[in-house]
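The values are calculated or read from the model by the stated rules, or taken from the named source; none is laboratory data. Everything numeric in this text was worked out from a predicted model, so none of it was measured. No Cβ is skipped: glycine too gets one built from the backbone with ideal geometry, and neighbour counts run over all protein chains shown.
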Amino acid sequence: MARDEINAFLGAGTNYQGKLHFQGAVRIDGNFQGEVVSDGTLVVGQEAVVEGQVRVGQLVLSGSLRGEVEAKERVVLHKTANLQGDIRTPILVVEEGAILEGQLSMGSPESAPAKVSEEDSTSL
């Protein structure tokens, strides 16, 4: 299976509550509330709404996410992304237009993350 291949899909109009554990990549285009745990990639589509705790290898966000995010590899916020919550990741990619409200901790997984407050951060 190719690295970028989606092996599960929660389509538009679906509502799911609970825990989601997966390998590889999963795309959510509906509504999800709960906990997501994986070393793989979570893709959140433009119309999707996700609420809860997300601990993944990589997060690619185009929709709305409210909650705590921990990504081992990276977080990508596309221009339509709206993330309300705290992020802990070594790499953050933000397109112009994305909304991020919360705290950001960056650094290698081995290092203790440093908190960035609104007063210390610069405008993206």
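Pairs under 8 Å by beta carbon, first residue more than 19 Å from GLY40 (Cα to Cα) in segment 67-81, partner hydroxyl-bearing (Ser, Thr, Tyr), six or more apart or different chains?
THR80/SER62; ALA81/SER62; ALA81/SER64
Hey, any hits in segment 97-114 for a residue that's under 21 Å from ASN15 (Cβ atoms), modelled with pLDDT of 95 or more and buried (at least 16 other Cβ atoms within 10 Å of the Cβ)?
Taking every residue of segment 97-114 in turn, none turns out to be under 21 Å from ASN15 (Cβ atoms), modelled with pLDDT of 95 or more and buried (at least 16 other Cβ atoms within 10 Å of the Cβ).
From (1) surrounded by 18 or more Cβ atoms within 10 Å (Cβ to Cβ); (2) closer than 16 Å to VAL94 by Cβ, pick out the condition that doesn't hold for THR41.
Here THR41 meets the rest and fails (2).
Taking segment 48-82 as the search range and keeping residues that are among the polar types (S, T, N, Q) and under 22 Å from GLY13 (Cα atoms), which one is farthest from the chain's Cα centre (by Cα)?
Going through the qualifying residues, I end up with THR80.
Please give the number of the condition VAL76 fails out of (1) modelled with pLDDT of 95 or more; (2) surrounded by fewer than 17 Cβ atoms within 10 Å (Cβ to Cβ); (3) out of contact with any Asp or Glu (no Cβ under 7 Å at 6 or more places or on another chain); (4) in a strand (DSSP E or B).
(2)
If only one of VAL26, VAL69 is surrounded by 19 or more Cβ atoms within 10 Å (Cβ to Cβ), touching a Leu at 6+ places or on another chain (Cβ under 9 Å) and at pLDDT below 95, which one is it?
Just one listed residue meets the conditions, VAL26.
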